[in-house]
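Encoded as structure tokens, the structure appears first; notes follow it.
The values are calculated or read from the model by the stated rules, or taken from the named source; none is laboratory data. Because the structure is a prediction, the values reported are computed rather than measured. Positions of Cβ are backbone-derived with ideal geometry, glycine not excepted, and every protein chain shown enters the neighbour counts. For accessibility, only protein heavy atoms count, side chains too; no ligands or nucleic acids. Shrake-Rupley method; radii C 1.70, N 1.55, O 1.52, S 1.80 Å.
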Amino acid sequence: GEFQGGGSNNQSAIGNFSANGGRTASLDITIDGAPGADPGCNCATSVNPNTEMVQEFKVLSSSFSAEYAKGPNSMTVVTKSGGRDFHGSAFLYFRDFRLNSNEWFANKIERDRVENKFVYPGFTLSGPLSIGNFNKNRDKLFFFVGYEYYKQTLDTGFVRSWVPDQAMRNGDFSNAASVGSGGFVNKVPNFPGGIVPGNLIDPGGQALLNTLPFPNIDPAQSGGWNYVDNLLVDQPNHQFLTRLDWNISDNTKAFVRYNLQRETQPFVIGLWWRNGQRQVPYPSAVTAPNRSDSITASLTHVFDPTLTSETILAFTYIDFPNQFEDRNAISRQALGYPYQGVYGQSNDQIPSIDPGGWGDNGPLLYNPGGFDPILFATKWQYAATQNLTKIWGTHTAKFGVFWER
């Protein structure tokens, strides 16, 4: 899956870079001919290319041949394959917060380094595959296997916002100046002494206010915010890849490649969305036991020195079954929120809070609705490619047919 915790949708290379002046969402990626981009947003990869398992990586931004049906900028990845000799590797990538310098903002507010950790062990193994007397010369069948485990504790980055204190949750805004600076957050309501009479306090609004975190910092120290935090989340991930190459004859070659990824992805700020300022952690984290599976089958035949055919069939599947960890923490009924939405009792999730619109006038508490009890994001992609290459003298022509769903 498209894996970065608690951040925005731009979660991989194809969501953060552009080429030739194109949009970031205009990039495409294929893995051994299989679709590799998330079709839901074109901002992430459904199959993450692993540097220990990649044989070739290529970026195309112009002069496309017929086999590249999508663009205008395309990345192609070819995975490693085995050979007649056995090869293997074991590796470990490690990074610990103790080796990091502290952020400038963390020093300013006198916070310690965020304790994020990354430990990535893995291995690869490749060579010939013999079955009885078959392939005893090591020239017919070859395999490649790779695995990597991502044991990682990620941080959300600093979350900064304005939140009401206990007195404000009960209608007493007489000390609103202490909230901080920004927009209208420190303005006093038009009531005597800035105190809202109890009979005018809406029970639904009060229930929503009580889902917000409490102030935890002096605004004079943090640049005007009265709530600052940096949350840690565990996001384990497994990646497994295997490839089988078969030399059917001198003129005919085939391979099959399968890639598997499994990850538990937590969203503690908001699902798929993170406003750069003022958004606070949602009362319940959203957790997704993500998975992706991708398989490619390829057959190449050389008819003669001037004519070659390549056929590729590919399938990619990604699934993000997002679910709340604690439904009582976001339940209208459990929190005493008295109003129903347009769908009545069918959605017990509390509404989002955005008192400032898209301005800076208060905390943003946001998550999409539709968890019943899981908000699915399930995507299937199929692709079939037929390339025919013909050489006439010093000229080469390539004809391609590509279908994807």
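Summary table
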quantity	calculated
Residue list for region 82-106, filter: polar (S, T, N, Q) and modelled with pLDDT under 95	Asn100, Ser101, Asn102
From Arg274, Arg262, Arg278, Arg291, residue being of a type in the set (Lys, Arg), open to solvent by less than 30 Å² (accessible area, probe 1.4 Å) and within 29 Å of the chain's Cα centre (by Cα)	Arg278
Where a residue in region 124-142 is over 10 Å from Arg84 (Cα atoms) and its partner, wherever it lies, is of a type in the set (Lys, Arg) and part of a loop (DSSP other than H, G, I, E, B), with Cβ under 9 Å and at least six apart	Thr124/Lys80; Ser130/Lys136; Ser130/Arg138; Ser130/Lys140; Phe134/Lys140
Residue, surrounded by the most Cβ atoms within 10 Å (Cβ to Cβ), within region 167-209, restricted to residues that are in contact (Cβ under 8 Å) with a residue 60 or more places away in the chain and out of contact with any helix residue (DSSP H, G or I) (no Cβ under 6 Å at 6 or more places or on another chain)	Gly182
Qualifying residue in region 325-336 (condition: part of a loop (DSSP other than H, G, I, E, B), in contact with a helix residue (DSSP H, G or I) (Cβ under 8 Å, 6 or more places away or on another chain) and of a type in the set (S, T, N, Q))	no
The one condition in (1) surrounded by 15 or more Cβ atoms within 10 Å (Cβ to Cβ); (2) charged (D, E, K, R); (3) farther than 19 Å from Tyr149 by Cβ that Glu115 fails to fulfil	(1)
Selection count, region 81-105, where residues are part of a loop (DSSP other than H, G, I, E, B) and in contact with a Lys or Arg (Cβ under 7 Å, 6 or more places away or on another chain)	4
Residue check, Gln349 modelled with pLDDT under 95, open to solvent by 10 Å² or more (accessible area, probe 1.4 Å) and touching a helix residue (DSSP H, G or I) at 6+ places or on another chain (Cβ under 9 Å)	no
Subset of region 254-277 that is touching a Phe, Trp or Tyr at 6+ places or on another chain (Cβ under 7 Å) and not hydrophobic (A, V, I, L, M, F, W, C) - its residue that is farthest from Phe142 (Cα to Cα)	Gly270
Within region 12-41, considering residues that are open to solvent by 20 Å² or more (accessible area, probe 1.4 Å), modelled with pLDDT of 75 or more and in a loop (DSSP other than H, G, I, E, B), the one nearest to Phe255 (Cα to Cα)	Gly33
Search result, residues across region 165-191 that are among the aliphatic types (A, V, I, L, M), under 18 Å from Ala220 (Cβ atoms) and not in a loop (DSSP other than H, G, I, E, B)	Ala176, Ala177, Val179
Residues within region 153-164 that are in a loop (DSSP other than H, G, I, E, B), touching a strand residue (DSSP E or B) at 6+ places or on another chain (Cβ under 8 Å) and open to solvent by less than 20 Å² (accessible area, probe 1.4 Å), tallied	3
Strands (runs of 3 or more DSSP E) lying entirely in region 192-291 (those with 3 or more residues that are within 30 Å of Ser126 (Cα to Cα) and at pLDDT 90 or above)	237-247, 252-267
